[in-house]
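All remarks here apply to the structure that follows.
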Amino acid sequence: MVWRKTVTARSVAYDERMHTDVARNAVLAALPDGELERLEPYLKKIPLAPGQRLLNSGEPLAQLYFPLEGAVSRLVHLITGETVEAGIVGSDGVVGLPVALGGTHSYGVAEVQSPGSALCLSAADYAEHVRAAQSPLFEALVLYTNFYIAMLTQLTACHCVHRIERRLSRLILTLDDRAPNGAVRVTHDTLAEFLGVHRPSVTYALQALAETGALSSERRRIVILDRPALEEHACECYTAIREATLAAINQIRKHLRG
């Protein structure tokens, strides 16, 4: 199926109203303009507040979320009570990805870490207007899935091999990339949860990084003072995942737009 842009009064109104929002999510921004206009009635903008749960483990998948700003953490809770990070999604990606491949229930939790907003698409509308209609969005999400698997593979190696200071630096940089106001607002408890370690380990690691001058750490707030220095402290996974993200978005754009 070939989607063509038809210039109408409604098209102009669509461009003026939705262009800014859509452009802030890399996956949606890669779609042909005519397809974005077709999907407009099914996309709903919602606010994202810290601590808000978008997905709960074992529950039905009702929505796909396309963040416009902010950060959403993917977490896996173990029966022992431990928690491990399984990725952070911002305006470069999608939350609820299993919906795209026919999944019906969530594995793991998706929780808002940094405030922002998102465009959401119901699973029912996705099935009817994207998958059944052979929309380019389906192709985009299949390509994005390849990247997401690669990211999970990299994070698995990171959690198994790299020291806490290096993993913590990688995590802070990733959150900072998606912070709305230039500061990472997060507690030591949350960082420990992400990294699968005890809180004192995070406190000691933050103190060590602060002593290098790379960052300052206050209650519920981390400010990067020397980004190049913090990148030096971070494990290779930060750069690897960042470069893979850019490559994936470029691949999606090239595939859909030529």
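The values are calculated or read from the model by the stated rules, or taken from the named source; none is laboratory data. Worth saying up front: this structure is predicted, and the values here are computed from it rather than measured. Every residue, glycine as well, gets a Cβ built from its backbone with ideal geometry; the counts of neighbours run over all protein chains shown.
Quick grid of which residues meet (1) under 13 Å from the mean Cα position of the chain (by Cα); (2) within 22 Å of S135 (Cβ to Cβ):
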residue: S57; (1), (2): no, no
residue: R74; (1), (2): yes, no
residue: I79; (1), (2): no, no
residue: L101; (1), (2): no, yes
residue: S117; (1), (2): yes, no
residue: C120; (1), (2): no, yes
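Residue by residue through the stretch 84-95, note down the ones that are in a strand (DSSP E or B) and in contact with a Gly (Cβ under 7 Å, 6 or more places away or on another chain).
Residues satisfying the conditions are V84, A86.
Which of the helices (runs of 4 or more DSSP H) contained wholly in the stretch 121-203 include at least 3 residues that are free of Cβ contacts under 8 Å to residues at least 24 places away in the same chain?
Where helices (runs of 4 or more DSSP H) fall fully within the stretch 121-203 and carry at least 3 residues being free of Cβ contacts under 8 Å to residues at least 24 places away in the same chain, they are 136-161, 188-195.
Check H105 against each of (1) under 24 Å from R227 (Cα atoms); (2) in the same structural domain as G70 (by TED's automatic domain parsing); (3) not basic (K, R) and name the one condition it does not meet.
Exception for H105: condition (1).
As an exercise: evaluate A71 against (1) more than 19 Å from D176 (Cβ to Cβ); (2) buried (at least 18 other Cβ atoms within 10 Å of the Cβ); (3) among the aliphatic types (A, V, I, L, M); (4) out of contact with any Phe, Trp or Tyr (no Cβ under 8 Å at 6 or more places or on another chain) and give the number of the one condition it does not meet.
(1)
Output the number of the condition that T245 fails; it satisfies all remaining conditions of (1) under 20 Å from the mean Cα position of the chain (by Cα); (2) surrounded by fewer than 17 Cβ atoms within 10 Å (Cβ to Cβ).
Among (1) under 20 Å from the mean Cα position of the chain (by Cα); (2) surrounded by fewer than 17 Cβ atoms within 10 Å (Cβ to Cβ), T245 violates only (2).
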